[in-house]
Amino acid sequence: MVKPTIQFIQGTDELTIPDVRLTKSRDGTNGVATFKFTEPSVFDSSSVVGDITGFYMIDEEGVIQSVDVNARFVNGKPAGIEAKYIMRTPREWDRFMRFMERYSNQNGLSFIKK
């Protein structure tokens, strides 16, 4: 069984737990997940391991990936990362929700509806 994890550099797990926001269209056919990482651990290891190559969500079903990744800098130093995953079909939404359920259980996250 594969431990659900997030990576920015393949093979290097991100240790920082993100704040995740979900939006879904009214008809339920598509949605967006926005992940915000404050002071992610990838900044500590990127000089040793390499550059950020994308956003990878890995679990027992495989890999979900996105290239919509933006770093935030404060006073010239990296302070955070925002990554987005766009789901264009109900199938992609369902697959993402299965990943999030596993990742949430592994990391003690809870869902708050607003």
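Observations on the model:
- Selected residue (only one of Asp94, Asp27 is over 16 Å from the mean Cα position of the chain (by Cα), without any contact (Cβ under 8 Å) to a residue 40 or more places away in the chain and loosely packed, with under 15 Cβ neighbours inside 10 Å): Asp27
- Criterion (touching a helix residue (DSSP H, G or I) at 6+ places or on another chain (Cβ under 6 Å) and either assigned to a strand (DSSP E or B) or among the aliphatic types (A, V, I, L, M) (or both)) met by exactly one of Phe73, Phe35, Phe8: Phe8
- Any chance Gly11 is small (Gly, Ala, Ser), more than 13 Å from the chain's Cα centre (by Cα) and within 21 Å of Ser104 (Cβ to Cβ): no
- So Asp51, is it out of contact with any helix residue (DSSP H, G or I) (no Cβ under 9 Å at 6 or more places or on another chain), farther than 19 Å from Pro4 by Cα, in contact (Cβ under 8 Å) with a residue 24 or more places away in the chain and not polar (S, T, N, Q): yes
- Any hit, the stretch 80-87, residues being surrounded by 12 or more Cβ atoms within 10 Å (Cβ to Cβ), in a helix (DSSP H, G or I), of a type outside the set (Lys, Arg) and in contact with a Ser or Thr (Cβ under 8 Å, 6 or more places away or on another chain): no
- Cβ-Cβ contacts under 9 Å between residues 6 or more apart (or on different chains), taken from a first residue in the stretch 3-18 that is at positive phi to a second residue that is surrounded by fewer than 17 Cβ atoms within 10 Å (Cβ to Cβ), are listed as Gly11/Val49.
- Top-ranked residue in the stretch 21-44 [being closer than 16 Å to Asp94 by Cα and of a type in the set (A, V, I, L, M); ranked as modelled with the lowest pLDDT]: Leu22
The values are calculated or read from the model by the stated rules, or taken from the named source; none is laboratory data. Treat the numbers as computed from the prediction; the structure is a model and nothing was measured. No Cβ is skipped: glycine too gets one built from the backbone with ideal geometry, and neighbour counts run over all protein chains shown.
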